[in-house]
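The values are calculated or read from the model by the stated rules, or taken from the named source; none is laboratory data. All values reported here derive from a predicted model rather than from experimental measurement. Using ideal geometry, Cβ is built from the backbone for each residue, glycine included, and neighbour counts are taken over all protein chains shown. We work out accessible area using only protein heavy atoms, side chains counted, and drop any ligands, DNA or RNA first. Shrake-Rupley method; radii C 1.70, N 1.55, O 1.52, S 1.80 Å.
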Amino acid sequence: MTSIAKLPGMDDIRIAVIGLGYVGLPLAVEYGKRRPVQGFDIKADRIAELIAGRDSTLEVSGDELREAGMLVFSADVRDLAGCNFYIVTVPTPIDAHKRPDLTPLIKASETVGRVLKRGDVVVYESTVYPGATEEDCVPVLERFSGLTFNHDFFCGYSPERINPGDKAHRLPSIRKVTSGSTAETADLVDALYASIITAGTYKAESIRVAEAAKVIENTQRDLNIALINELAIIFNRMGIDTEAVLKAAGTKWNFLPFRPGLVGGHCIGVDPYYLTHKAEAIGYHPEIILAGRRLNDGMGAYVAAQLVKAMLKQRIHVQGAQVLVLGLTFKENCPDLRNTRVVDVIAELRDYGVEVDVHDPWADTVEARQEYGLELTTNPAAAAYDGIMLAVAHRHFAELGADSIRAFGKPRHVLYDLKLLLQPGESDLRL
């Protein structure tokens with residue numbers, strides 16, 4: 001049997017980043033400022049826009065793309081053959097039954113496996129359940145490469161911590177967890193990330209520990225938001241303003257500043273299902289985590305019902321009423337539509353017989369149509385609405401102010417400030 005393959009030295013590393021979305025592109029750009037990087041994505045149109053110096057996710061500016069002078073882009077698998085350090089940053093969604101969908105991850109592993117060579121390293125950043133790298137991905141790499149794990153090639157895991165739309169917390173300023181399948185691999189992976197992460201790195205004891213750390217980060221946030229959502233429901237029944245309560249409680253130094261709302265996006269609304277899936281696979285039913293998920297997943301229906309009740313109190317006929325929803329993306333000041341739960345509100349309102357228009361200056365009209373079958377309204381002033389829901393706290397809406405937003409409504413209408421963007425008293429309803 002041949003000897004164990006030798007890892008590449010730091011100066012010999014040739015990086016390939018597989019998947020150039022919200023996570024992969026910033027990573028490729030940071031490395032591309034310092035060393036040769038092959039950026040790879042299966043979407044030819046994505047490659048074309050990046051070559052043209054434009055990022056539709058708005059995570060990276062044109063200037064930053066130009067600064068990454070050693071970064072090249074391709075959708076051709078053959079261009080990966082010259083690399084020896086592969087970083088996989090593809091999505092890990094859930095299916096219609098809220099089960100982990102590893103299809104993108106497995107397909108990416110097949111792609112890497114086809115070009116894998118002795119001594120190569122594969123690092124995964126995609127959020128998974130503990131054990132997925134070694135139990136699901138490694139066998140694919142072995143099968144497609146004909147090589148043996150931890151003898152011919154090695155793996156690592158470094159969970160992504162990108163916060164889409166956040167210009168204050170960028171990749172270099174967020175501490176990075178790293179890990180490797182052997183002690184030597186862990187050291188190499190950590191050193192490579194440390195070369196671009198100014199906030200520093202944390203080397204976990206194993207790949208499974210790093211995977212588990214990632215998945216509980218967002219599970220913790222999900223549960224905290226679920227608690228605040230439940231408190232909002234209780235306080236609404238009591239006629240108490242939730243925001244006022246949270247501000248009062250927030251005067252205590254260790255009270256956590258969470259706010260109620262819809263919980264969507266590619267992380268918080270998805271990651272807990274990866275952990276619960278694995279927990280159930282080993283015979284444990286996670287009651288608290290799933291209870292939080294049920295509550296947060298039900299907020300769309302609750303919010304829609306609140307608006308309908310408020311309209312009825314105003315003697316507005318609900319069947320055939322026109323409602324304007326302001327915002328579709330999963331968070332403010334960001335074009336990301338992945339797993340947005342605003343669509344739950346829209347669907348529920350339509351079930352009541354309400355006609356819904358959606359306006360979002362940040363959202364891509366083509367993506368909204370393809371992903372959710374929604375035609376965005378570009379000029380909400382062209383109609384007069386019975387109800388207006390401020391669903392996403394975009395700067396654009398804050399700058400409009402309550403009076404301009406109310407101008408979209410009929411003389412008698414209901415304004416629901418779901419995001420607490422307006423001042424108390426400026427809206428008819430707050431979550």
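Ignoring ligands and nucleic acids, what accessible area does Ile174 show with a 1.4 Å probe (Å², nearest 10)?
30
Per residue, what volume in Å³ does the Cα convex hull of region 131-203 take up?
Measuring per residue, one finds 101 Å³ for the Cα hull of region 131-203.
For a bin width of 10 Å, list the pair-distance distribution of the chain built from all Cα-Cα distances, rounded to whole %.
Binned Cα distances yield the sequence 4, 20, 28, 23, 15, 7, 2, 0, 0.
Take the alpha carbon gyration tensor of region 178-296, find the square roots of its eigenvalues, order them as a ≥ b ≥ c, and report rounded if a/c is under 1.5; if not, report prolate when a/b exceeds b/c, else oblate.
The shape class here is oblate.
Using the C-alpha atoms of region 1-92, what convex hull volume per residue, in cubic angstrom, is computed?
Hull volume normalised by residue count: 109 Å³.
Using DSSP loop states and a limit of at most 16 other Cβ atoms within 10 Å to flag GluC sites (Glu not before Pro), what is the longest stretch of the chain containing no flagged site?
1-204
Given region 232-323 reduced to its alpha-carbon atoms as identical point scatterers, what log10 I(q)/I(0) does the Debye formula return at q = 0.15, 0.25 Å⁻¹?
Debye curve over Cα of region 232-323, log10 I(q)/I(0) at q = 0.15, 0.25 Å⁻¹: -0.84, -1.23.
With 17 Å as the cut-off, how large is the P(r) tail for region 87-155, expressed as percent of Cα-Cα pairs?
So the portion of pairs separated by more than 17 Å is 37 percent.
Give the Debye-formula value of log10 I(q)/I(0) at each listed q (0.14, 0.16 Å⁻¹), with one equal scatterer per alpha carbon of region 123-257, two decimals each.
-0.77, -0.89
Using a 1.4 Å probe over the heavy atoms of the protein chains, calculate the carbon and sulfur portion of the accessible area of the chain as a whole percent.
53
List the relative contact order of the chain as a percent without decimals, with contacts defined as Cα pairs under 8 Å and 6+ residues apart.
11
If I ignore ligands, DNA and RNA and count only protein heavy atoms, how much of Tyr202 is accessible to a 1.4 Å probe, in Å² to the nearest 10?
That residue has around 110 Å² of solvent-accessible surface.
If the limit is 19 Å between Cα atoms, which of Lys176/Lys214; Lys6/Lys117; Lys167/Lys331; Lys33/Lys107 go over it?
In this structure, Lys33/Lys107 exceed 19 Å between Cα atoms.
Can you pull out the trypsin sites (Lys or Arg not before Pro) in region 243-334 that DSSP calls coil and that have at most 16 other Cβ atoms within 10 Å?
Lys252, Arg315
If you count only protein heavy atoms and use a 1.4 Å probe, how large is the accessible surface of Arg412, to the nearest 10 Å²?
Solvent-accessible area, nearest 10 Å²: 130 Å².
What Kirkwood hydrodynamic radius do you get for region 276-431 when you take the inverse of the mean 1/r over all pairs of distinct Cα atoms, in Å?
Hydrodynamic radius (Kirkwood, Cα pairs) of region 276-431 is 16.4 Å.
For region 40-163, what does the relative contact order come out to in percent, with C-alpha contacts under 8 Å and a separation of six or more?
Relative contact order here is 22 percent.
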